[in-house]
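Remarks on the structure that follows.
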Amino acid sequence: MAQPSHSAGGFRLTIPQATRSQRWQVLRRSATFWVGATIVVIWVVFAIFGDFVTPFDPLGTPADVLNRLEAPSGEHPLGTDELGRDVLSRVLAGARQVLTVALAATVLGTIFGTALGLVVGYAGGIVDEILSRILDAFLSIPLVITGMLALTALGPNTLGVIVVIGLVFTPIIAKTVRAAVLSERQLDYVTAAQLRRDNGLYVLFVEILPNVANVIIVEFTVRLGYAIFTVLALSFLGFGIEPSIPDWGLMIAQHRGYLTGGIWWPVLFPALAIASLVVAVNLVADSISQAFE
Amino acid sequence: MMGRFVLRRFGLALITLALLSVLVFIGTQLLPGDVGRRVLGPFATQESVDALNARLGTDRPPLVQYTDWIGGAVTGDLGDSITFARPVTELVGRALINSAKLAALAFVIVVPLSIWGGILAALRRGRLIDRLITVGGLSATVIPEFVSGIVLILIFAVTLGWLPGTASAPRGSGFFTQMRHLLLPAICLTLVLFGYIARITRAGVIEAMEADYTRTAILKGLPRRVVIRREVLRNALLPTIAVVASQMGYLIGGLVVVEVLFSYQGIGQLLYSAAQNADFPLLAGGVLVVGAMFQGSMLLADLAYSWLNPRIRLAGSG
């Protein structure tokens, strides 16, 4: 399936890209964007200031085991967990763990992926082919399983989760950036820069990078959604989180055995928190992709 | 030329699989450092660690270990599991049969449902039902399986008592009892897949409806129903087929979480317990099989797509 070549003609048809202000207008009028962004901002605020606003100490020190598994009441609006800790406090404080880990992993993957994609797209040839094969190999195993495998090998810890997700994202993001660089490389400004004999790295990072920024922003928001999903699945499975830290996935895993006894509050509320965060992040990602592409 | 395309695609799958085996080998036999020590823990004597390493063959040079492992894999021997003391292939095979039952039920529910949903959304484009299907589908897709699973268990197993909250039916139960137990986990998987397949179907239908051949058919005076069935669906469902087949990989990842949540003895649960027990031979073999199945299904998806699409099937022959 060879692509037909358009290089024969003296001029090429360029489709005018939407300007920055036009893109913002599309985004500003999108209801899904605002709904998603509002929820995300609320969780970010709790992640940053959680310690100051929670009614009780989320770590539950000293342990209040006499009041364990209490149903929601005036004192504990969302009840208490198996160690007598306030569920509301732990749900609010739990936003920090998932958001920092997912954000760090996505930033890591985006930086490496962008650098790799720029170089590969510009260099092309054999490097390009190797990247594609490595990407395919990585993508043959679901991210959750890759994470399980790596964390078993390295020993479970939060840093491991960040590195593993970041590393798997690297070739995925690189491939997207590479495709964008390939289409930029044909444009006149790059040819002009090359004729001026600008340094290759200069052309890449100063001339091409700003023009593929849109692609990177879209990719970043989409990946962030996947990262949150994976971080939570791994913590639900018990990989990579220290047990005392308030974490939504871990809260569900620790308390799901009580469900059949009718004790639903330590499970349902973190589940709702997860649902609201992932749906919100994906609404934002979806509206950004629609506005930017 | 179909033959050359098949051959090239098959070669690529093999190369990818070889790369994957190297990655899995690094992950399970190099990264852990002293495998025997990792399995037995910090308090085991050095002699027992050495004995285990000798038995597992992890005291040999990496290259020998790898060629031995991959040579065995090609002939269907992936070594023995440490925790279960049984051949890995046997354990993986049995778990895959269980997972296949669950996956089959999920596919039987999700494929017709999501294709119907996608067509409906496309035909009512921009209206309320379209927004409901696309935004609702996207939301259901991104919510982790253990979250939707917990809510389903809470509603249908704990509160209403309609369906069992665990997936494993008692030994020797009939087909319908087994399916009843699998219904909640299958709905979990359905929720995730629905939005994705519906979205692709919707995009395909919209594209086909705007195509020239559809316009021609309408202008020819064919009834709307006939146009949709004969022109639109036949073209729109092409990408959908490829997407359905390519969801295998997701499905296995989703199975880990769903099977752990519903305590079901499938491949996901097996990999999970292998990871928990640092059972590296089982983990390596299981992940390799999963990767091979994924490559196989992608290969089938590509072949089906190109066979159905004459533009690819006949490309290069002119």
Filter the stretch A:80-97 down to residues that are surrounded by fewer than 21 Cβ atoms within 10 Å (Cβ to Cβ) and within 27 Å of A:Val40 (Cα to Cα), then give me how many there are.
1
Restricting to the stretch B:203-240, what's the tally of residues that are over 29 Å from the mean Cα position of the chain (by Cα) and hydrophobic (A, V, I, L, M, F, W, C)?
9
Filter result for the condition that a residue is over 24 Å from A:Val278 (Cα atoms) and aliphatic (A, V, I, L, M), over B:Ala211, B:Ala203:
B:Ala211
Mind checking which residues of the stretch A:39-61 are closer than 20 Å to A:Thr100 by Cα and without any contact (Cβ under 8 Å) to a residue 12 or more places away in the chain?
A:Val41, A:Ile42, A:Val45, A:Phe49, A:Phe52
Given the criterion surrounded by fewer than 24 Cβ atoms within 10 Å (Cβ to Cβ) and β-branched (Val, Ile, Thr), identify the matching residue among B:Ile267, B:Ile252, B:Ile241.
B:Ile241
When B:Thr166 is evaluated against the numbered criteria (1) without any contact (Cβ under 8 Å) to a residue 60 or more places away in the chain; (2) polar (S, T, N, Q); (3) touching a Ser or Thr at 6+ places or on another chain (Cβ under 6 Å), which criterion, by number, is the only one it fails?
(1)
Return yes or no: is B:Ala278 on the phi > 0 side of the Ramachandran plot, buried (at least 17 other Cβ atoms within 10 Å of the Cβ), within 11 Å of another protein chain (Cβ to nearest Cβ) and not basic (Lys, Arg)?
yes
Given the criteria among the hydrophobic types (A, V, I, L, M, F, W, C) and within 14 Å of another protein chain (Cβ to nearest Cβ), does B:Leu40 qualify?
no
Those residues of the stretch B:137-154 which are at the interface with another protein chain (Cβ under 10 Å from one of its Cβ atoms), assigned to a helix (DSSP H, G or I), out of contact with any Cys (no Cβ under 8 Å at 6 or more places or on another chain) and of a type outside the set (S, T, N, Q) amount to B:Leu138, B:Ala140, B:Val142, B:Phe146, B:Val147, B:Ile150, B:Val151, B:Ile153, B:Leu154
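Per-residue answers, yes or no, for (1) out of contact with any Asp or Glu (no Cβ under 9 Å at 6 or more places or on another chain); (2) outside any loop (DSSP other than H, G, I, E, B); (3) at pLDDT below 75; (4) closer than 27 Å to B:Val142 by Cα:
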site: B:Ala245; (1), (2), (3), (4): no, yes, yes, yes
site: B:Tyr264; (1), (2), (3), (4): yes, no, no, yes
site: B:Ser297; (1), (2), (3), (4): yes, yes, no, yes
site: B:Ala304; (1), (2), (3), (4): yes, yes, no, no
Condition set at the interface with chain A (Cβ under 10 Å from one of its Cβ atoms) and without any contact (Cβ under 8 Å) to a residue 40 or more places away in the chain, scope the stretch B:221-259, selection farthest from B:Ser273 (Cα to Cα): answer is B:Gly253
B:Gln29 vs. criteria more than 14 Å from every other protein chain (Cβ to nearest Cβ), part of a helix (DSSP H, G or I) and within 31 Å of the chain's Cα centre (by Cα):
no
Of the conditions (1) touching a Phe, Trp or Tyr at 6+ places or on another chain (Cβ under 6 Å); (2) surrounded by 21 or more Cβ atoms within 10 Å (Cβ to Cβ), A:Val218 satisfies every one except a single condition; which number is it?
(2)
Can you tell me how many residues within the stretch B:87-139 are small (Gly, Ala, Ser) and over 30 Å from B:Ala274 (Cβ atoms)?
9
For the subset of the stretch A:243-259 comprising residues that are of a type outside the set (A, V, I, L, M) and under 21 Å from the mean Cα position of the chain (by Cα), which member is farthest from the other protein chains (Cβ to nearest Cβ)?
A:Pro246
Complete set of residues in the stretch A:122-157 that are surrounded by fewer than 18 Cβ atoms within 10 Å (Cβ to Cβ) and either away from every other protein chain (no Cβ under 12 Å) or under 15 Å from the mean Cα position of the chain (by Cα) (or both)
A:Ala123, A:Gly124, A:Gly125, A:Ile126, A:Val127, A:Asp128, A:Asn157
Over the stretch A:194-215, the set of residues surrounded by fewer than 17 Cβ atoms within 10 Å (Cβ to Cβ) and in contact (Cβ under 8 Å) with a residue 60 or more places away in the chain is A:Gly200, A:Phe205
Hits in the stretch B:143-175 - residues which are at pLDDT 85 or above and under 21 Å from B:Val256 (Cβ atoms)
B:Ile143, B:Pro144, B:Glu145, B:Phe146, B:Val147, B:Ser148, B:Gly149, B:Ile150, B:Val151, B:Leu152, B:Ile153
May I ask you to list the residues in the stretch B:155-180 that are at the interface with chain A (Cβ under 9 Å from one of its Cβ atoms) and buried (at least 19 other Cβ atoms within 10 Å of the Cβ)?
B:Gly165
If only one of B:Asp59, B:Asp130, B:Asp68 is more than 30 Å from B:Ala198 (Cα to Cα), of a type in the set (Asp, Glu) and not in a loop (DSSP other than H, G, I, E, B), which one is it?
B:Asp68
Any residue in the stretch B:25-47 that is basic (Lys, Arg) and touching a residue at least 40 places away in the same chain (Cβ under 8 Å)?
yes
Does the stretch B:116-129 contain any residue that is within 14 Å of chain A (Cβ to nearest Cβ), farther than 27 Å from A:Leu232 by Cβ and more than 22 Å from the chain's Cα centre (by Cα)?
yes
Of all residues in the stretch A:260-277, which are at the interface with another protein chain (Cβ under 9 Å from one of its Cβ atoms), in contact with a Ser or Thr (Cβ under 9 Å, 6 or more places away or on another chain) and crowded, with 24+ Cβ neighbours inside 10 Å?
A:Ala271
Subset of the stretch A:152-175 (residues that are small (Gly, Ala, Ser) and in a helix (DSSP H, G or I)):
A:Ala153, A:Gly160, A:Gly166, A:Ala174
If I filter the stretch B:20-39 for residues that are surrounded by 15 or more Cβ atoms within 10 Å (Cβ to Cβ) and of a type in the set (D, E, K, R), do I get at least one hit?
yes
Options A:Thr191, A:Thr221: the member that is more than 9 Å from every other protein chain (Cβ to nearest Cβ), in a helix (DSSP H, G or I) and either free of Cβ contacts under 8 Å to residues at least 40 places away in the same chain or touching a Pro at 6+ places or on another chain (Cβ under 9 Å) (or both):
A:Thr191
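The values are calculated or read from the model by the stated rules, or taken from the named source; none is laboratory data. The structure presented is a predicted model; accordingly, all values stated were derived computationally and were not measured. Every residue, glycine as well, gets a Cβ built from its backbone with ideal geometry; the counts of neighbours run over all protein chains shown.
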